[in-house]
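Let me give you the structure first, and then I'll get to my questions.
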Amino acid sequence: MHRQDSHAKNRPLSLLFLNVTLRAPVSTCTDILLVEDQASDAELALHALRGLDLDRDVTLVRDGAEALDFLFARGAYSDRDPDDLPRFVLLDLKLPKVDGLQVLEAIRADERTRDLPVVVLTSSKEACDVERCYDRGANSYVVKPVDFDQFTDAIQDIGRYWLARNVIRDR
């Protein structure tokens, strides 16, 4: 669908009404940090969020280490303002480099991100995964529906709640 050239790593990619950033631009904050390593799941989530027509920015990162670099303004994101946190994180559990539970633990362990809403979006229905996520401070745990329409509805419900209905406290 989109061709990526050698300069595309640091440029935002706009998809209809939703801006998706493959690598965070230096001065732009984001509304949603989507942490998803599976391209098909990421594309479905982005498609669902586009359907909300809320004109929100989404930053997509492909592994747990990149998520932490983004949140804490390290590595490729060192020029990003660490105070510009997303409205919420949509976090897969099974990630390369650093798994979702470790990302969640790091978010809750740091004073700057302790109150950042984290919605775990995963294919795991295992009771132990649910328990571990809530024990580590997840705000919500959603099992990815297999059906396209149900997946779209679930992502849109999450987006509507955290972006339009939920009131966040000043940071």
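Among LEU95, LEU163, which is modelled with pLDDT under 95 and aliphatic (A, V, I, L, M)?
Criteria check complete, one pass: LEU163.
Output the residue which, of all residues in the range 15-74 that are open to solvent by 60 Å² or more (accessible area, probe 1.4 Å) and acidic (Asp, Glu), is modelled with the lowest pLDDT.
Only one residue tops the list, namely ASP55.
Considering the range 99-128 alone, what residues qualify as being open to solvent by less than 20 Å² (accessible area, probe 1.4 Å), closer than 29 Å to PRO82 by Cα and either assigned to a helix (DSSP H, G or I) or of a type in the set (Ser, Thr, Tyr) (or both)?
Answer for the range 99-128, where residues must be open to solvent by less than 20 Å² (accessible area, probe 1.4 Å), closer than 29 Å to PRO82 by Cα and either assigned to a helix (DSSP H, G or I) or of a type in the set (Ser, Thr, Tyr) (or both): GLY100, VAL103, LEU104, ILE107, THR113, THR122.
A further question follows. Just give me the residues in the range 32-69 being under 13 Å from VAL89 (Cβ atoms) and of a type in the set (Asp, Glu), in sequence order.
Within the range 32-69, GLU36, GLU66 qualify.
I'd like to verify a number: residues in the range 155-171 that are without any contact (Cβ under 8 Å) to a residue 60 or more places away in the chain and either of a type in the set (D, E, K, R) or part of a helix (DSSP H, G or I) (or both), how many?
5
Give the range 89-98 a look and list any residue that's open to solvent by less than 50 Å² (accessible area, probe 1.4 Å) and over 11 Å from the mean Cα position of the chain (by Cα), or say none.
Correct list: LEU93, LEU95, VAL98.
On to the next question. Which one of these does PRO86 not meet: (1) open to solvent by less than 10 Å² (accessible area, probe 1.4 Å); (2) within 23 Å of PHE148 (Cα to Cα); (3) in a loop (DSSP other than H, G, I, E, B)?
Condition (2) is where PRO86 drops out.
The values are calculated or read from the model by the stated rules, or taken from the named source; none is laboratory data. Here the structure is a predicted model, which means the values were calculated and not measured. Here Cβ is always computed from backbone atoms with ideal geometry, including for glycine, and neighbour counts include all displayed protein chains. Heads up: the accessible areas ignore ligands, DNA and RNA and are worked out on the full protein's heavy atoms, side chains in. Shrake-Rupley method; radii C 1.70, N 1.55, O 1.52, S 1.80 Å.
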